[in-house]
1. Report yes if Lys168 is of a type in the set (Lys, Arg) and either part of a strand (DSSP E or B) or closer than 16 Å to Ala240 by Cα (or both), otherwise no.
2. In region 261-303, which residues are outside any loop (DSSP other than H, G, I, E, B) and surrounded by fewer than 15 Cβ atoms within 10 Å (Cβ to Cβ)?
3. Which residue pairs have Cβ atoms closer than 7 Å, lie 6 or more positions apart in sequence or on different chains, and pair a first residue in region 310-331 that is open to solvent by less than 40 Å² (accessible area, probe 1.4 Å) with a second residue that is part of a loop (DSSP other than H, G, I, E, B) and small (Gly, Ala, Ser)?
4. Before we move on, is Phe199 at negative phi and at pLDDT 95 or above?
5. If you take the residues in region 332-356 that are open to solvent by less than 40 Å² (accessible area, probe 1.4 Å) and charged (D, E, K, R), which one is modelled with the lowest pLDDT?
6. Just checking, does region 119-131 include any residue being within 26 Å of Lys38 (Cβ to Cβ) and modelled with pLDDT under 95?
7. When the residues of region 241-260 are narrowed to those that are open to solvent by 50 Å² or more (accessible area, probe 1.4 Å) and of a type outside the set (S, T, N, Q), which ends up farthest from Ala322 (Cα to Cα)?
8. Could you go through region 357-364 and let me know if any residue there is at pLDDT below 85 and β-branched (Val, Ile, Thr).
Amino acid sequence: MTETVIATETETSESVQEFAARARSWLAANMPSIDPEKPPFSVRAEAESWERAKELQQRLYKGGFAGICFPREYGGLGLDFAYQQAFNAEARSYEMPLILNTPSFTICAATILDMGSEDQKRTRISAAIRGEEILVQLLSEPSGGSDLAGVITRADRRGDKWIINGAKTWSTSAFAGDYGLMLARTDWTVPKHAGLTMFLVPLNAPGITMRRIKEVNGNEEFCEEFFDGLELDDDAVVGAVNDGWTVATRQLHHERRAVGGGSEFASGTGAENANEMPPDHIGLAEATGQGDDPRVQELAGRALVRRAVKNHLIEHVSRSIANGSLPANAGTLIRLFHAETTELEVDTALAIAGTAGVVDEGSDGNPDLAGLLDIGVRYLSRQTGSLGGGSSEMARNVIGERVLGFPREAAADRGVPFNEVKRGRS
């Protein structure tokens, strides 16, 4: 029996199965095929990766398979998540522009869709779907830690312009971006959450200096930005002036879902880089001669079970948010479980590898070990998932307070005008 799923608001009568069949035929004729078990990886720190992603995105757009869950009026197809899932299943064996998913589509474009002006939606979302522009986030600050509401980058009104001064840091792939969502303080006389405004910033504008940040593993994906007299017009404001925290809250909702793999706006599946590929615990155990060791088998089994549970959790939470049985903040459950699963998987791989996992040339001529003993380098950045979208400690607060309804923790600066809050050594 053929299932027919029709999204009534999408102006289509094509079933999910018919859509999948059409995608299958188009992908085979238009997209480069890959081995999904050994996919090519994009290096986010290299400009060539972004140009390649744009090229692939443009192919998807011309073929009619881009922005599947974004509304038609903003360049998408306006289809239900079931269509995106069907496409993802068909696209598993083809090269896809996966690095465009986060933060461009799943966080930034999704936030603009929820909170942006009609013009922002029609221009920026459409340009991203067409593969012409990349959207990034400009949120964290050098002195801010995880307290996003404590930003001190300022936006002052002068005549008909906003003048921006300050700094942002840990901006994912900002060097490749065309526009960035930037949170700035527009009123210092009210409590910190009330005096913020979100801006959509063109990253090639005068007054912006950008630098790469080198991580401990040698990666240079993240950037820091310095704003010195950057001028913006009123059409750069996302949402309302002094209501930026509402926009930021929605943005964090999308980020937490994206980090955990639960966004309907992601296109394609699989790891975009080697660090996102789950470690091959079984292969590692066999390559190191420990395949029959009961202790190693138990370690590997625990990691594999955890991965399976994570996949089921993503499906359950995403479906529950969509049907209203869980609040939107429940997406934080996905984010937290993803971070803890990643740490467990990497820790388990290093435990199996032992000292061989921290040797630069650990294969020792053994082809079975080639590519398996990079786990030491991966271990250096194992906790990045525990920081994205706010720390895991903050994620637990969100779950406790906004999902389970527990009382909020006490805060010394709650209700205090921001210009009276003690900061740093003051």
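The values are calculated or read from the model by the stated rules, or taken from the named source; none is laboratory data. Quick caveat, the model's predicted, so the values are computed rather than measured. Glycine also receives a Cβ, built like all others from the backbone with ideal geometry; neighbour counts cover every protein chain displayed. For the accessible areas, the whole protein counts, side chains as well, though only heavy atoms, and no ligand, DNA or RNA atoms are used. Shrake-Rupley method; radii C 1.70, N 1.55, O 1.52, S 1.80 Å.
1. Details: of a type in the set (Lys, Arg): yes; either part of a strand (DSSP E or B) or closer than 16 Å to Ala240 by Cα (or both): yes.
Judged against the criteria, Lys168 is a match.
2. At the first step, the residues of region 261-303 found to be outside any loop (DSSP other than H, G, I, E, B) are 274-276, 281-287, 294-303.
Of everything in region 261-303, those that are outside any loop (DSSP other than H, G, I, E, B) and surrounded by fewer than 15 Cβ atoms within 10 Å (Cβ to Cβ) turn out to be Ala274, Glu276, Pro294, Arg295, Glu298, Gly301, Arg302.
3. Ile314/Gly261; Ile314/Gly262; Val317/Gly262; Ser318/Gly262; Gly331/Gly262
4. Numbers: at negative phi: yes; at pLDDT 95 or above: yes.
In short, yes.
5. Filtering region 332-356 for residues that are open to solvent by less than 40 Å² (accessible area, probe 1.4 Å) and charged (D, E, K, R), the one modelled with the lowest pLDDT comes out as Arg335.
6. Narrowing region 119-131 to residues within 26 Å of Lys38 (Cβ to Cβ): 131.
Next, from what is left, pick out any that are modelled with pLDDT under 95: none.
No.
7. Keep residues of region 241-260 that are open to solvent by 50 Å² or more (accessible area, probe 1.4 Å), which gives 241-243, 245-246, 250.
Of the ones still in play, those that are also of a type outside the set (S, T, N, Q) are 241, 243, 245, 250.
Numbers: Val241: 29, Asp243: 26, Trp245: 23, Arg250: 15 Å.
Out of the qualifying residues, it is Val241.
8. Looking only at region 357-364, we keep the residues that are at pLDDT below 85, and these are 357-364.
This time we only want the ones that are β-branched (Val, Ile, Thr), so: 358-359.
Scanning region 357-364 turns up at least one residue that is at pLDDT below 85 and β-branched (Val, Ile, Thr).
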